[in-house]
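Peer 1: Please see the structure below; I have some questions.
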Amino acid sequence: MWLTFLHMFRKRVTIQYPEEKAKLPPRWRGRIVLTRDPDMGERCVGCYLCAAACPVDCIALQATEDENGRRYPEFFRINFSRCIFCGFCEEACPTYAIQLIPDFEMAEYNRQNLVYEKKDLLIDSQGKYPGYNYYNIAGLAIGGKDKGQAENEEAPVDIRSLVP
Amino acid sequence: MATIIIDGKTYEIPTGKNLLETCLTLGFDLPYFCWHPALGSVGACRQCAVKVYKDENDTRGRLAMSCMEAVAPNQRISVSDPEARAFREQVIEWLMTNHPHDCAVCDEGGSCHLQDMTVMTGHDYRRFRFKKRTHQNQYLGPFINHEMNRCIQCYRCVRFYKDYAGGHDLDVYASKSNVYFGREEDGILESEFSGNLAEVCPTGVFTDKTLKEHYTRKWDLTMSPSICQHCSIGCNTIAGERYGTLRMIANRFHGKVNGYFLCDRGRFGYEFVNAATRIRQASAGEAVVSLDQLFHHLIPALKQAKMIGIGSPRASLQSNFALKALVGGDNFYHGVSDNEHDLAELAIRILREGSVRTPSTREVEQADAVLILGEDITNTAPILALAVRQAVRQQPGNAADAVNIPVWHDAARRELAQQDKGPLFVTSVHTTKLDEVARDVYHAAPDDIARLGFAIAHRLDPTVPDATDLPEAVALLADRIAQALSAAARPVIISGACCESGCVMKAAANVAWALQKKNPATGLVLTMLECNSLGLAMMGGHRLHAAFNAVMNGHADTVIVMENDLYRHGKADEVDAFLSKCRRVIVLDHLLHKTVSKANVIIPAGTFAESDGTLVNNEGRAQRFFQAYEPTDIIRESWRWLLTLGQQIENNRMATWRNFEDVTLAMDRDEPLLHGVMAASPPSQFRIAGQRIARETHRYSGRTSQQANINVSESKPPEDPDSPLSYTMEGFHGQPPSSLIPYFWAPGWNSVQSVNKYQSEVGGSLRDNDPGVRLLEPKTEGTHAYFVGVPERFRPLEDHLWVVSLHHIFGSEELSAHAPSIAQRIPQAYILLHPADAAALAVETGGVLAFTIDSRSYRLPVKLSEALPVGIAGMPYGIEGVPYADLPEWAIVQRTSQRQNLNDHSYAKRHA
Ligand code: SF4
Ligand code: SF4
Ligand code: SF4
Ligand code: SF4
Ligand code: FES
């Protein structure tokens, strides 16, 4: 009884959601988004690692390629009614494309509406990791970046030369 | 056997192997790159280091490349020695200094030997801070993608392509760490076996370009054991599906049939399964109908109809058998030309009643003398040609055996053999790719080839009738061949139905039988035209012509054509007349073709990927293939359709058949030649620890999401009533019986190299033996009388040409021709002439030759070749734009006064 009484004078931890919003740290694992490169190209290269890492198998995608060899997902689907927000996909992603953001307000009356397609996932931002561009590091040539133009690369070898 | 001590433990092992093979067989995880079980060792990559100790007292030991060291009795070695491990890690680190940061966009990822080996050695952090060397890629054609940055210089690609497969246009360029593996310039890889580069290369330099079109990681595929449908060899394949389409075909190791390799027709022909021309709906008349409407329409009609059924050499045994049961044995016809029918029956007679065994492809590799009579096996049975190349390559190795160079020591054996080739004799109508490695080549008319065969047989056994008045050169050739064959320990004769000549096949049988009297190890291989030609022939049935007559004479009014385009097997006007005389033409097939367009009722059948079935290859081996995925729409296997129809029209025989197993069991019981076919795979009730065998890997992704766009509640996965495989990732993931292996995977071994773990001994057979049952064995007692009737010498006729078929690996086979990548490699229609004939007829390259065969006229653009015998013309087999003709046959040439040029393709159309 005494304890209960004391609690009445404590600082309140309950907040008046939704009038008042909770403050979430930036690494909070909420809604999943697909981010973009600094040059606003799609970051996701369709490598399927997030899908493989997902313990509830709620990510499905199909990789494809544009005419210049740049890979991207043809479709990208997350079934949020299955997602457990474990963040494994983000951890697996080699390109920082998939990120969990501090947003949890996703409730729906109809479960079907929890199926997010690429258009629902892709945002116009780099998210938590600004400045990273996978293709600047990878050896694959894409439109606007030829062989030898990535970070730490020599110009392509002239295979007809025998100079030591 | 010898004793060897590895890391303090004693093992009993066979001798003659190297340390690497021995360690892998014993289950050690020892990394390697340049060694390949089929290519042997060259010791180039330095990845497979182990510690070898001199004797029990040696504590320091020395580092040795295990792939270059033969096992010695009582040897003591260490795999886990810290120095050896550090060395292996160091080697990977060096290899990785130039390796691009590509795994995420690399098609090899997830089945990459380099990834596996990197993880295995423990190298995980990049210390090298300098720049990476880069390379430009090349365009290598529709099959193979090139990404040269990823190369680790193991030299496997060129060793396979040039040394093993005899290709000329892939090589290594530049020097030191700049070495470049590619072609001299951009262009299509010429070898028929280029697709194997994707599996041979341990990295993502060479990858499957058709997979890239609909890229899926290995772990995401639903895979099943399958059989290649594109020629009579019956290579074992893995068919992988994702999102309802077939994504790739990979090799499924078979110790007797295809070993580690597939040909490009088999690897890339699969895309017909996804073709836009697939039949997905049933239709009656012009209208698309539902399942109920279809039965409503069909059943009453079928109950009254006088039905006949036309089977197919490209359909499974079960489908053909179900059709035979539905229409009755007397009304079942083989849907092949009469000549093909005769040749298949002849083949069975030779193989069953003769005394010579037909060897497997693997045994052909070990032959030390090969005679090919009349066949162009590179185009009709490519993997057999690859085996013959190995025979030619390995035979000089007998000398290497004499100086104790072991079989796996590739570099040393090649050095010793130099350009030395084993005795291979090629006889054919036109040049074949094997000519370049043959000791003697003979291009002649089929009858002359048969005459040579008789002459050889006569030299081996004088009771065989001789071919008289042979030209001297040919008689000498016969002497040489007879000598070489008699001197060999394991001679093999190859012939077959693709040269369309019974005489040639008989001559081949005579040679084999005559030789067998001297040497019981003689083998005789006969190739067939299609994947199940032999199986169909073993089932018994009437000729196609008899079917035509049955309808023309009013004995039948309804025909069920199953998985067969009759226009590929019969003359167009006859087929036209036949089909229009039928009251009802019911066609079951999966692709649109001319016969389908004439059908009243079209029923969508499943392709091999959507079906279970059994095929009999040219060796008489019955091999089972399994459904890779449940068909969509109302597509089902042909046999299942026929089963349903049979039950609906109250066919007594079929009343109790419910599933695949019932059909197979009835076939095993009722078809005498197919007795034993049940044993081709374990029954559908087979379980391991109560579990089905999973078609999906344990890492399969996306199952709660892939259908979620349609319905967020996942549907129940399909159950397979026909096999012990499951459609999910649940089930047994270890090593199942060899015929049920859906994919190769072992902990730490994600790439195809994991097949090592499935073999009883590295490079040997799969554990519990290679799949399939041989249904044809030779007679052991009594001998078959030799064939008599030596054909007359071929004499050219004025204004006539003897037209024979020429086969093309790309285009001659019906199904693979529908794959877009293969379609890019199909030659244009042509007629091939000797320049002398062309001059006499006043046509030249590119001009049009008009001729009639059996009073039907043809017009085809001319190509010339010196290698073709005079008086003979070659017509490509089965190629779009080349109408069917009953070959071989005389053509009467119409001399044209003016030469015409071709601008359109209408020349090929028949002028009826
Ligand atoms: S892990 Fe990243 S790059 Fe790969 S598919 Fe997922 S989101 Fe795309
Ligand atoms: S070859 Fe293997 S290790 Fe190299 S990028 Fe491709 S998947 Fe990665
Ligand atoms: S391309 Fe592949 S097979 Fe050839 S040397 Fe390089 S890594 Fe080896
Ligand atoms: S040899 Fe024949 S069976 Fe083998 S892969 Fe090629 S086409 Fe298929
Ligand atoms: S595998 Fe032994 S050196 Fe390459």
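Peer 1: Please tell me if residue A:55 is touching a helix residue (DSSP H, G or I) at 6+ places or on another chain (Cβ under 9 Å) and over 30 Å from residue A:136 (Cα atoms).
Peer 2: Details: touching a helix residue (DSSP H, G or I) at 6+ places or on another chain (Cβ under 9 Å): yes; over 30 Å from residue A:136 (Cα atoms): yes.
It is true that residue A:55 is touching a helix residue (DSSP H, G or I) at 6+ places or on another chain (Cβ under 9 Å) and over 30 Å from residue A:136 (Cα atoms).
Peer 1: Right, something else. Going through B:761, B:719, B:792 one at a time, which residue ends up being over 30 Å from residue B:505 (Cβ atoms), more than 14 Å from chain A (Cβ to nearest Cβ) and over 26 Å from the mean Cα position of the chain (by Cα)? Spell out the reasoning first.
Peer 2: Numbers: B:761 fails: over 26 Å from the mean Cα position of the chain (by Cα); B:792 fails: over 30 Å from residue B:505 (Cβ atoms).
That would be B:719, the only listed residue that is over 30 Å from residue B:505 (Cβ atoms), more than 14 Å from chain A (Cβ to nearest Cβ) and over 26 Å from the mean Cα position of the chain (by Cα).
Peer 1: Using beta carbons and a limit of 9 Å, which pairs, at least six apart or on different chains, have the first residue in region B:694-707 and aliphatic (A, V, I, L, M) and the second one part of a loop (DSSP other than H, G, I, E, B)?
Peer 2: B:694/B:700; B:694/B:727; B:694/B:728; B:694/B:729; B:694/B:730; B:694/B:731; B:694/B:733; B:694/B:742
Peer 1: Would you call residue B:46 among the charged types (D, E, K, R), open to solvent by 10 Å² or more (accessible area, probe 1.4 Å), modelled with pLDDT under 95 and farther than 21 Å from residue B:751 by Cβ?
Peer 2: Against the criterion (among the charged types (D, E, K, R), open to solvent by 10 Å² or more (accessible area, probe 1.4 Å), modelled with pLDDT under 95 and farther than 21 Å from residue B:751 by Cβ), residue B:46 does not qualify.
Peer 1: Condition first: among the polar types (S, T, N, Q) and at pLDDT 95 or above. Now tell me which residues in region B:487-514 satisfy that. Reasoning before the result, please.
Peer 2: Within region B:487-514, the first condition is being among the polar types (S, T, N, Q), and the residues that meet it are B:495, B:501, B:510.
Matches in region B:487-514: B:495, B:510.
Peer 1: Which residue pairs have Cβ atoms closer than 6 Å, lie 6 or more positions apart in sequence or on different chains, and pair a first residue in region B:797-826 that is open to solvent by less than 50 Å² (accessible area, probe 1.4 Å) with a second residue that is basic (Lys, Arg) and modelled with pLDDT of 95 or more?
Peer 2: B:809/B:265; B:810/B:825; B:816/B:265
Peer 1: Right, here's the next one. Kindly list, by first and then second residue, each pair from a residue in region B:136-162 that is touching a residue at least 60 places away in the same chain (Cβ under 8 Å) to a residue that is of a type in the set (Ser, Thr, Tyr) and more than 16 Å from ligand 4 (Cβ to nearest atom), limited to pairs with Cβ atoms under 8 Å and residues at least 6 apart or on different chains.
Peer 2: Going by the 8 Å Cβ cut-off, the qualifying pairs are B:144/B:207; B:145/B:207; B:146/B:139; B:147/B:207; B:152/B:203; B:153/B:177.
Peer 1: Give the residues of region B:713-730 that are in contact (Cβ under 8 Å) with a residue 60 or more places away in the chain, in a loop (DSSP other than H, G, I, E, B) and not aromatic (Phe, Trp, Tyr), sorted by residue number.
Peer 2: Result: B:718, B:720, B:721, B:722, B:723.
Peer 1: Just a yes or no: is a residue in region B:123-144 over 27 Å from residue B:408 (Cβ atoms), open to solvent by 10 Å² or more (accessible area, probe 1.4 Å), polar (S, T, N, Q) and away from ligand 3 (no atom under 12 Å from the Cβ)?
Peer 2: Among the residues of region B:123-144, at least one is over 27 Å from residue B:408 (Cβ atoms), open to solvent by 10 Å² or more (accessible area, probe 1.4 Å), polar (S, T, N, Q) and away from ligand 3 (no atom under 12 Å from the Cβ), which makes the answer yes.
Peer 1: Could you list, in sequence order, the residues of region B:731-773 that are among the aliphatic types (A, V, I, L, M) and open to solvent by 20 Å² or more (accessible area, probe 1.4 Å)?
Peer 2: Applying the first criterion (among the aliphatic types (A, V, I, L, M)) to region B:731-773 yields B:740-741, B:746, B:752, B:755, B:762, B:766, B:773.
Once the filter is applied, which keeps residues that are among the aliphatic types (A, V, I, L, M) and open to solvent by 20 Å² or more (accessible area, probe 1.4 Å), region B:731-773 yields B:752, B:773.
Peer 1: Inside region B:408-499, counting only strands (runs of 3 or more DSSP E) that do not spill past its ends, which hold 1 or more residues that are crowded, with 17+ Cβ neighbours inside 10 Å and touching a Cys at 6+ places or on another chain (Cβ under 8 Å)? Working first, answer last.
Peer 2: Numbers: elements: B:424-428, B:440-443, B:491-496.
Correct list: B:424-428.
Peer 1: Moving on. How many residues does region B:354-379 hold that are of a type in the set (S, T, N, Q), part of a helix (DSSP H, G or I) and open to solvent by 10 Å² or more (accessible area, probe 1.4 Å)?
Peer 2: Of the residues in that region, 2 qualify.
Peer 1: Which of (1) more than 16 Å from ligand 5 (Cβ to nearest atom); (2) within 14 Å of another protein chain (Cβ to nearest Cβ) does residue B:166 not meet, given it meets every other one?
Peer 2: It is condition (2) that residue B:166 fails.
Residue by residue, here is whether (1) modelled with pLDDT of 95 or more; (2) buried (at least 17 other Cβ atoms within 10 Å of the Cβ) holds:
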position: B:832; (1), (2): yes, yes
position: B:843; (1), (2): no, yes
position: B:846; (1), (2): no, no
position: B:854; (1), (2): no, no
position: B:857; (1), (2): no, no
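Peer 1: Only one of B:203, B:210 is among the polar types (S, T, N, Q), open to solvent by less than 10 Å² (accessible area, probe 1.4 Å) and closer than 24 Å to residue B:40 by Cα; which?
Peer 2: Step by step, each of B:203, B:210 is checked, and only B:203 is among the polar types (S, T, N, Q), open to solvent by less than 10 Å² (accessible area, probe 1.4 Å) and closer than 24 Å to residue B:40 by Cα.
Peer 1: Report yes if some residue within region A:135-150 is closer than 22 Å to residue A:28 by Cα and either touching a residue at least 40 places away in the same chain (Cβ under 8 Å) or within 7 Å of another protein chain (Cβ to nearest Cβ) (or both); otherwise report no. Break it down into steps so the answer makes sense when it comes.
Peer 2: Taking region A:135-150 as the starting set, the residues that turn out to be closer than 22 Å to residue A:28 by Cα are none.
Scanning region A:135-150 turns up no residue that is closer than 22 Å to residue A:28 by Cα and either touching a residue at least 40 places away in the same chain (Cβ under 8 Å) or within 7 Å of another protein chain (Cβ to nearest Cβ) (or both).
Peer 1: Next up: Against the definition (over 12 Å from the mean Cα position of the chain (by Cα), more than 10 Å from every other protein chain (Cβ to nearest Cβ) and either in contact (Cβ under 8 Å) with a residue 60 or more places away in the chain or surrounded by 19 or more Cβ atoms within 10 Å (Cβ to Cβ) (or both)), how does residue A:79 come out, yes or no? If you could, list the steps in order and put the result at the bottom.
Peer 2: On the way: over 12 Å from the mean Cα position of the chain (by Cα): yes; more than 10 Å from every other protein chain (Cβ to nearest Cβ): no; either in contact (Cβ under 8 Å) with a residue 60 or more places away in the chain or surrounded by 19 or more Cβ atoms within 10 Å (Cβ to Cβ) (or both): yes.
Spelling it out, it is not the case that residue A:79 is over 12 Å from the mean Cα position of the chain (by Cα), more than 10 Å from every other protein chain (Cβ to nearest Cβ) and either in contact (Cβ under 8 Å) with a residue 60 or more places away in the chain or surrounded by 19 or more Cβ atoms within 10 Å (Cβ to Cβ) (or both).
Peer 1: Of the residues B:44, B:72, B:2, which single one is away from ligand 5 (no atom under 16 Å from the Cβ) and out of contact with any strand residue (DSSP E or B) (no Cβ under 7 Å at 6 or more places or on another chain)?
Peer 2: B:72 is the lone residue from the list that is away from ligand 5 (no atom under 16 Å from the Cβ) and out of contact with any strand residue (DSSP E or B) (no Cβ under 7 Å at 6 or more places or on another chain).
Peer 1: When the residues of region B:163-175 are narrowed to those that are open to solvent by 10 Å² or more (accessible area, probe 1.4 Å) and in contact (Cβ under 8 Å) with a residue 40 or more places away in the chain, which ends up nearest to ligand 1 (Cβ to nearest atom)?
Peer 2: Among residues in region B:163-175 that are open to solvent by 10 Å² or more (accessible area, probe 1.4 Å) and in contact (Cβ under 8 Å) with a residue 40 or more places away in the chain, the one nearest to ligand 1 (Cβ to nearest atom) is B:164.
Peer 1: Please work out which residue is surrounded by the fewest Cβ atoms within 10 Å (Cβ to Cβ), limiting yourself to region A:108-164 and to residues that are under 18 Å from residue A:96 (Cα atoms) and of a type in the set (Phe, Trp, Tyr).
Peer 2: The extreme case among them is A:129.
Peer 1: A further question on this structure: Are there any pairs, at least 6 apart or on different chains, whose C-beta atoms fall under 8 Å, with the first in region B:63-74 and on the phi > 0 side of the Ramachandran plot and the second surrounded by fewer than 16 Cβ atoms within 10 Å (Cβ to Cβ), and if so, which?
Peer 2: B:74/B:3; B:74/B:5
Peer 1: Say we look at region A:49-65 and pick out the residues that are open to solvent by 50 Å² or more (accessible area, probe 1.4 Å) and either over 15 Å from residue A:98 (Cα atoms) or touching a Gly at 6+ places or on another chain (Cβ under 8 Å) (or both); which of these is nearest to the other protein chains (Cβ to nearest Cβ)?
Peer 2: In this case the residue turns out to be A:65.
Peer 1: Counting just the residues of region B:132-152 that are of a type in the set (A, V, I, L, M) and over 17 Å from residue B:267 (Cβ atoms), which one comes out farthest from the other protein chains (Cβ to nearest Cβ)?
Peer 2: The qualifying residue farthest from the other protein chains (Cβ to nearest Cβ) is B:152.
Peer 1: Which ones in region B:19-38 are among the aliphatic types (A, V, I, L, M) and open to solvent by less than 10 Å² (accessible area, probe 1.4 Å)?
Peer 2: B:19, B:20, B:24, B:30
Peer 1: Moving on. Given the conditions (1) part of a loop (DSSP other than H, G, I, E, B); (2) within 12 Å of chain A (Cβ to nearest Cβ); (3) open to solvent by 10 Å² or more (accessible area, probe 1.4 Å), which single one is not true for residue B:186?
Peer 2: (2)
Peer 1: A further question follows. Looking only at region B:236-270, filter to residues that are over 11 Å from the mean Cα position of the chain (by Cα), of a type in the set (Lys, Arg) and open to solvent by less than 10 Å² (accessible area, probe 1.4 Å); which one of those is farthest from residue B:157 (Cα to Cα)?
Peer 2: Among residues in region B:236-270 that are over 11 Å from the mean Cα position of the chain (by Cα), of a type in the set (Lys, Arg) and open to solvent by less than 10 Å² (accessible area, probe 1.4 Å), the one farthest from residue B:157 (Cα to Cα) is B:242.
Peer 1: Tell me yes or no: at least one residue of region B:644-653 is in a loop (DSSP other than H, G, I, E, B), within 22 Å of residue B:743 (Cβ to Cβ) and not β-branched (Val, Ile, Thr).
Peer 2: Scanning region B:644-653 turns up no residue that is in a loop (DSSP other than H, G, I, E, B), within 22 Å of residue B:743 (Cβ to Cβ) and not β-branched (Val, Ile, Thr).
The values are calculated or read from the model by the stated rules, or taken from the named source; none is laboratory data. If you're wondering where the values come from, they're calculated on a predicted model, not measured in any experiment. Glycine also receives a Cβ, built like all others from the backbone with ideal geometry; neighbour counts cover every protein chain displayed. We work out accessible area using only protein heavy atoms, side chains counted, and drop any ligands, DNA or RNA first. Shrake-Rupley method; radii C 1.70, N 1.55, O 1.52, S 1.80 Å.
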